[in-house]
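K.L.:
Quick one: the structure is below, questions incoming.
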């Protein structure tokens, strides 16, 4: 492997954005290049060109059929590339280095010897055949190495190790450490039941082109299954993360920046390098704290180009996804079941976090008593300064049975909340505080505990074409289907349809505007039989209703 950057074609193509740009010319060129590869002609140059031919840029919004076609059409292509690259790599079997695989013998020296030989040869594939391999020292992996575990191979932590596997070059800057590494197959058992000490099973820092796929990581204590810290071009795909114990909220898969030794104790340099171009796709997260995300940040430094696609989050005691100071992030086609919370995106003391697309996800039973939201975009204000989350699109999501609001926005600007379905929320269906220049449109909100849509301290927004049925299951007074409250000014509330529920879920009003609100436009709403007291209650100042509403 003479210095080229490897790709996994299918993993690259499962990326949502890459599939948007897949076309006939690219497909033809891809197949031509693979035919050349298999004849052995100019192998290194053609692999480089093959990677370049599948480069992508995110330009689309929805393209479900093209996504499915791209994945099926090029499944064979990935397998052909795997076979080709396997022929190019020296094969090193850990059994040939003395590994026993009986679950008792310390096999870390033998496995490390195989990894070291791959390094000495300029790259290689280290193969771990079926068996249970106990390790009592952290394994170090180097550039241009594939560590391939048999499906029946398990590596077990047999001592209080901080990492089971770690990138082997440290104390560098940027992305100058290990590159072109793949860890695939088998299981990594962190063995917290015997060694309840903090561990991050697979850890990579100051790296690029890191792929972890088709593997399982289990029984982790306190830290993470996978950490990508200061990593560019990282992928975690088709993995299972099962089983966590500890005393804090930790992510199964964490991306972080090289901030300090407390964030990444293995090595520096601590130059605040963030992550860029990260794909988290088609994984299962179960019986964990948080699924994917971050819990540290540095002002004005962002993780960028993060895609979280097609994952399943189940039985988590924290958030499924918690993004912290992310910019240009796509969260598409994930499912969340029996989690404390679905998605939280928040910023630090910065005004540029945002540019999120959160689309076509499904949430059922977000059950946290203190959180319990389906989706929460969380800006904040401190010391007289406001740190907005900007330019987000939330669309096509289905959110059912949350303990709190279905969608909650706080300190957001230029956000589009369009075409979502929210049922049986434990508080408001959609609740917004301190937002501006945003749109809530064509959402369907049914059978919620209090308001269908609640707008508070928010001005210059559109609330247009939403359908609110039922609401006020709580049975309190003064609860409307749509409420404009608490100093919310100059909003357009138009073309909404509000109805009481025949079975007893009944707001007092279809729409209510309170006396602290000014100059709102409330017209052309269908409020027929929308409230037990009246269809429209307006005590605001300067409310425009000239075009009328159906009451």
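The numbers here are math on the coordinates, done by the rules we state, and not lab data. Everything numeric in this text was worked out from a predicted model, so none of it was measured. Positions of Cβ are backbone-derived with ideal geometry, glycine not excepted, and every protein chain shown enters the neighbour counts.
K.L.:
So what's the gap between the Cα centers of segment 130-176 and segment 385-399, to the nearest angstrom?
P.N.:
Result: 38 Å between the Cα centres.
K.L.:
So if the hydrodynamic radius of segment 306-389 is defined as the Kirkwood radius over C-alpha pairs, what does Stokes-Einstein give as its diffusion coefficient at 20 °C and 1.002 mPa s, in µm² per second?
P.N.:
Translational diffusion coefficient: 163 µm²/s.
K.L.:
Quick check for you: which residues of segment 439-453 have the amide N under 20 Å from the point 7 Å beyond the Cα of residue 524 toward its beta carbon?
P.N.:
Flagged as within label range: 439-444.
K.L.:
Starting from the Cα-Cα distance between residue 121 and residue 416, subtract it from 0.36 nm times their residue separation and give me the gain in nm to one decimal.
P.N.:
Using 0.36 nm per residue and subtracting the Cα-Cα distance, I get 100.9 nm.
K.L.:
Once fully extended, how much extra length lies between residue 501 and residue 515, figured as 0.36 nm per residue of separation less the alpha-carbon to alpha-carbon distance?
P.N.:
2.3 nm
K.L.:
Once segment 220-358 is represented by equal point scatterers at the alpha-carbon sites, with solvent omitted, what log10 I(q)/I(0) does the Debye formula produce at q = 0.11, 0.14, 0.20 Å⁻¹?
P.N.:
The computed values of log10 I(q)/I(0) come out as -0.34, -0.57, -1.21.
K.L.:
Rank-order 360-370, 283-293 by packing density, defined as the average count of other C-beta atoms within 10 Å over each peptide's residues, highest first.
P.N.:
Most protected by this proxy first, the peptides run 283-293, 360-370.
K.L.:
Can I ask one more? If you scale each eigenvalue of the Cα gyration tensor by 5 and take the root, what three semi-axes come out for segment 89-296, rounded to whole angstrom and sorted largest first?
P.N.:
24, 20, 15
K.L.:
Still on this model: Normalised by the residues of segment 284-346, what does the relative contact order come to in percent, with Cα pairs under 8 Å and at least six apart?
P.N.:
39 percent.
K.L.:
Which of the peptides 107-120, 424-437, 377-390 is most tightly packed, and how do the rest follow, judged by the mean count of other Cβ atoms within 10 Å per residue?
P.N.:
Descending packing order for the listed peptides: 424-437, 107-120, 377-390.
K.L.:
Given points 7 Å out from each Cα along the Cα-Cβ axis, report the residue 100 to residue 299 separation in nanometres with one decimal.
P.N.:
Reported label-point gap for residue 100 and residue 299 is 5.6 nm.
K.L.:
Next up: Estimate the FRET efficiency between residue 385 and residue 544 by the formula 1/(1 + (r/R0)^6), using the beta-carbon distance for r and 35 Å for R0, to the nearest 0.05.
P.N.:
The calculated FRET efficiency here is 0.55.
K.L.:
I've got another one for you. Using only Cα atoms, locate the centre of segment 515-534 and the centre of segment 289-326, then give the distance between them in Å, rounded to an integer.
P.N.:
Taking the Cα centre of each part, segment 515-534 and segment 289-326 sit 38 Å apart.
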